1. Looking at this structure, is Ala158 modelled with pLDDT of 95 or more and either farther than 19 Å from Pro192 by Cα or in contact with a Phe, Trp or Tyr (Cβ under 8 Å, 6 or more places away or on another chain) (or both)?
2. Collect the residues in the range 143-161 that are within 18 Å of Ala120 (Cβ to Cβ) and buried (at least 16 other Cβ atoms within 10 Å of the Cβ), keeping them in residue-number order.
3. Testing Gln169 on (1) part of a helix (DSSP H, G or I); (2) crowded, with 20+ Cβ neighbours inside 10 Å; (3) of a type outside the set (Lys, Arg), one condition comes back false. Which one is that?
4. Out of Leu107, Leu137, Leu122, I need the residue that is in the same structural domain as Val196 (by TED's automatic domain parsing), aliphatic (A, V, I, L, M), part of a loop (DSSP other than H, G, I, E, B) and touching a residue at least 40 places away in the same chain (Cβ under 8 Å). Which one?
5. Condition test on Asn108, is it under 16 Å from Arg209 (Cβ atoms), modelled with pLDDT of 95 or more and not basic (Lys, Arg)?
6. Could you figure out which of (1) on the phi > 0 side of the Ramachandran plot; (2) assigned to a helix (DSSP H, G or I) isn't true of Gln176?
7. Would you check if there is a residue in the range 152-163 being assigned to a helix (DSSP H, G or I), of a type in the set (S, T, N, Q) and touching a strand residue (DSSP E or B) at 6+ places or on another chain (Cβ under 7 Å)?
8. Filter the range 145-170 for residues that are in contact (Cβ under 8 Å) with a residue 60 or more places away in the chain and more than 16 Å from Lys205 (Cα to Cα) and give the result.
Amino acid sequence: MINTKILTLIVMVSLTSGCMTYDPYTGEEGISSSTTGAIAGAVTGALIGVATSSKSDRGKGALIGAVAGGAIGGGAGYYMDKQEAKLRHKLMDSGVSVSRSGNEIILNMPGNITFETGKAYLQPSFEKIIHSVSLVLKEFDKTAIEITGHTDSTGSFAFNQTLSEQRAQSVKYGLQSSGVASGRIHSSGKGPRFPVASNDTSEGKQANRRVELKLLPLDSAGS
């Protein structure tokens with residue numbers, strides 16, 4: 001078993017590997033994803049260190065394992081934490097929501113700030129948002145970008161499918177023209193297949209006419 005002193009040191013290693021994250025919308029500070037990953041990695045590494053060490057060296061083995069596991073567990077998460085914080089500051093009050101799932105960052109750009117109904121060209125105000133996003137993406141160039149276009153259910157499925165693809169392409173070209181490498185970007189359209197609100201109201205349709213950007217570490221893209 002790992003004694004109390006060893007566990008305390010493991011937590012210290014984990015916190016050093018990770019960090020706190022700041023949410024500008026709530027003004028609250030919390031444990032970042034990288035810290036959570038570092039703690040899990042450190043505990044796992046410590047257990048492996050104990051299991052593979054002799055009885056007299058178990059404490060040392062646990063610490064070595066904790067250091068290695070904490071670094072591995074916190075690495076990608078820390079990179080995405082920093083990128084998330086930059087995006088939140090850049091996009092504050094823009095209408096774009098920023099959410100997090102593990103090491104993935106999702107930017108949801110709703111219809112009221114993106115495209116006119118039935119159109120696929122970027123509005124001037126949306127171009128400014130795309131430029132702000134591109135500044136962060138160029139700084140964090142080890143991130144892959146998946147762009148997905150969505151529509152409401154007005155009109156034929158074929159029309160909406162094509163429109164969603166064109167909108168995703170417009171965002172892709174907007175990022176490219178702002179200096180984001182094309183090799184990092186993949187775009188696709190889903191038409192009306194994945195609504196986030198009811199298409200029976202104008203507000204719901206506006207929410208469904210959206211573009212989503214998913215950002216993920218390049219080493220996990222496509223895995």
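The values are calculated or read from the model by the stated rules, or taken from the named source; none is laboratory data. Source: prediction; values computed, not measured. Here the Cβ positions follow ideal geometry from the backbone for every residue, glycine too, while neighbour counts run over all protein chains shown.
1. When the stated conditions are applied, Ala158 does not pass them.
2. Within the range 143-161, Ile147, Thr148, Gly149, His150, Thr151, Asp152, Ser153, Asn160, Gln161 meet the criteria.
3. (2)
4. Values: Leu107 fails: part of a loop (DSSP other than H, G, I, E, B); Leu137 fails: part of a loop (DSSP other than H, G, I, E, B).
The unique qualifying residue is Leu122.
5. Numbers: under 16 Å from Arg209 (Cβ atoms): yes; modelled with pLDDT of 95 or more: yes; not basic (Lys, Arg): yes.
The answer is yes for Asn108.
6. Of the numbered conditions (1) on the phi > 0 side of the Ramachandran plot; (2) assigned to a helix (DSSP H, G or I), the odd one out for Gln176 is (1).
7. yes
8. Hits for the range 145-170 are Ile145, Glu146, Ile147, Thr148.
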